[in-house]
1. Restricting the range 82-102 to residues that are surrounded by 15 or more Cβ atoms within 10 Å (Cβ to Cβ) and out of contact with any helix residue (DSSP H, G or I) (no Cβ under 7 Å at 6 or more places or on another chain), which is modelled with the lowest pLDDT?
């Protein structure tokens, strides 16, 4: 008989919107909840590729996404740890770790006995951070693949301009 540790764990992926759960309304009219979130405006997946990240990072990413896209404004209260845990069916300690990551980064702040809120300047901070990461995450791999395919910088720029 094998122990629990012998069984490989399937990594869970966060789905759904805790703000919708709490209010009964879609927090962002540009999202649909059909297993994958898709932007109505661009019909492109939102937050894809996060399924392999640890759950606490997925929690932090979802909250960050809501701050960047304006669903959560500065000063807004975020759902409670228990609301996140219940909605996504994860351990409250996991939800707490994701929220605590954003608190330590200065994106959220806690008011004892009241809740957790979006900090002033959080959206600007997150956008600057994402702009810094953009080149490493998207541009460098794009340029490398274009070079492998024999696409010149000029042709690549024209392709981007054509698609934009």
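The values are calculated or read from the model by the stated rules, or taken from the named source; none is laboratory data. Every value quoted in this text rests on a predicted model; they were computed, and no experiment measured them. Cβ atoms come from the backbone with ideal geometry, glycine included; neighbour counts cover every protein chain shown.
1. Checked the range 82-102; the qualifying residue modelled with the lowest pLDDT is 88.
Per-residue answers, yes or no, for (1) touching a residue at least 24 places away in the same chain (Cβ under 8 Å); (2) loosely packed, with under 12 Cβ neighbours inside 10 Å:
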residue	(1), (2)
122	yes, no
125	no, no
141	no, yes
146	no, no
149	no, yes
152	no, yes
156	no, no
